[in-house]
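Q: Below you will find the structure I want to go over with you.
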Amino acid sequence: MIELKSKREIQLILEAAAILKKVFVAVKPMIVQGITTEALDRAAEKVILENGGEPAFKGYRGFPKTACISINEAVVHGIPDARRLKEGDVVSFDIGVKWNGFYADAARTWPVGAIDPKKHALINAAKDSLDVALAAYQPGWRIGDISEAIQRYVEKQGFQLVRDYAGHGIGRQLHEDPQVPNYGKAGRGAKIESGLVIAIEPMVTEGHYAVETLEDGWTVVTKDRKNASHYEDTIVFMESGFINLTGDEVL
Ligand code: MG
């Protein structure tokens, strides 16, 4: 069941999102060769706690860390550890914040140092597909209109979209209805109504979209081990349009 949010609830999600954006501001400059993903995780947790929030992922279904950090062929749910970033890596950094009972969720994919043009295109496809889908938004849309817009854009760039994971409603729970697939048909799915808050999160693959989970029980990688990128924002829809609560052009 989809729970539409009141203005008060949207305000709290916006405040959670503001903490989340502070995490991106702190962590992005740390994405350099040699740093461990554990150090990035600690920095993220520090920002969240200093601002009075709670790390939303830590303990969620037993996930042990604050951020999901997924490198190269890892798509989502990578566990921070002693691994060091290398020049040319593509790093997905996914973070959730809980604040006064409400959640915000967002992800960025960043390059480590100089990367080749194909990796740049892969990163941009995830980011731009979300922006392109939102820019096309019109009142009366259904979830499927978002799905189709993302899929059309990404496939035009020569990449594919992971099928096994989707965006989601968000609010009092980290994952709520509706599911927001990154592929599909316009005109299908739930209606987008005022008060709907969803996390849209395209997961883009350089090769085939098939994925599998590693033995750690968490890290999702492409089956063909080609690179992936992931971008996510928490969006609220209202009578007047939408607001990207976690969006920020400088990031
Ligand atoms: Mg999410």
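Read-outs throughout are calculated quantities, based only on the coordinates presented, and are distinct from any laboratory measurement. Computed from a predicted structure; not experimentally measured. Quick reminder, even Gly has a Cβ in these numbers, built from the backbone with ideal geometry, and neighbours come from all protein chains shown.
Q: In Å and from the alpha-carbon atoms only, list the Rg and Dmax of the chain.
A: My reading of the Cα-based Rg and Dmax gives 16.8, 48 Å.
Q: Return the distance in nm (one decimal) between the two label points of a simple spin-label model at Glu50 and Ser194, each offset 7 Å from Cα along Cα→Cβ.
A: Going from the Glu50 label point to the Ser194 one covers 3.9 nm.
Q: For Ala135 and Ala18 in the same chain, what is the full-extension length gain: residue separation times 0.36 nm, less their Cα-Cα distance, in nm?
A: On the way: separation 117, 0.36 × 117 = 42.12 nm, distance 2.20 nm.
39.9 nm is the gain from fully extending Ala135 to Ala18.
Q: Run lengths n ≥ 4 of DSSP H only: what is the helix-derived mean residue ellipticity at 222 nm for the chain, with -39500 (n - 2.57) per run over all residues, to the nearest 500?
A: Details: 4 runs with 68 residues, N = 251.
Helices in the chain give a 222 nm mean residue ellipticity of -9000 deg cm²/dmol.
Q: Say each of Glu215 and Ser240 gets a label point 7 Å from the Cα, pointing the same way as Cα to Cβ; how far apart are those two points in nm?
A: About 5.5 nm, to one decimal.
Q: Tally Lys/Arg at +1 and Asp/Glu at -1 over every other residue whose Cβ is under 9 Å from the Cβ of Arg188; what's the total? Kindly include the intermediate steps, with their values, before the conclusion.
A: Working: positive: Arg142, Lys185; negative: Asp145, Glu148.
Net of charged neighbours comes to 0.
Q: First select every other residue whose beta carbon is under 15 angstrom from the beta carbon of Glu3; then total the charges, Lys and Arg +1, Asp and Glu -1. Walk me through the numbers on the way to the answer.
A: On the way: positive: Lys5, Lys7, Arg8, Arg172, Lys191; negative: Glu9, Glu176, Asp177, Glu193.
Net local charge, Glu3 excluded: +1.
Q: Output the DSSP H helices from the chain with an along-axis C-alpha extent of no less than 24 Å and a mean Kyte-Doolittle hydropathy no less than 0.0.
A: Values: long enough: 7-27 (30 Å, 0.99); 117-135 (25 Å, 0.07).
Helices passing the filter in the chain: 7-27, 117-135.
Q: Nothing charged except the Cβ atoms of Lys and Arg (+1) and of Asp and Glu (-1): what's the magnitude of the dipole of the chain about its Cα centre? Round to the nearest 20 debye. Don't skip to the answer; put the middle values down first.
A: Working: 30 positive and 35 negative charges, 12 e Å.
The dipole magnitude comes to about 60 debye.
Q: Here's a follow-up. Determine the gain in length on full extension of the stretch Arg163-Gln179; use 0.36 nm per residue of separation and subtract their C-alpha separation, reporting nm with one decimal.
A: Details: separation 16, 0.36 × 16 = 5.76 nm, distance 1.18 nm.
Net length gain for the segment: 4.6 nm.
Q: Hey, rough spin-label estimate for Val25 and Lys86, points 7 angstrom out along Cα→Cβ, what's it come to in nanometres?
A: With each label placed 7 Å out from Cα toward Cβ, I get 3.4 nm.
Q: Another one. Using Cα-Cα distances under 8 Å and only pairs 6 or more residues apart, what relative contact order does region 7-244 have, in percent? List each step's numbers first, then the result.
A: On the way: 596 pairs, mean separation 49.4, N = 238.
Result for region 7-244 is 21 percent.
Q: Which part of region 165-184 falls in the paramagnetic zone of Lys223, meaning amide N under 20 Å from the point 7 Å along Cα-to-beta-carbon?
A: 165-166, 182-184
Q: Continuing with the same structure: Just to be sure I understand: with springs between alpha-carbon atoms less than 10 Å apart, which residue in Arg172, Arg83, Arg61 has the highest mean-square fluctuation in the Gaussian network model of the chain?
A: The residue with the greatest mean-square fluctuation here is Arg61.
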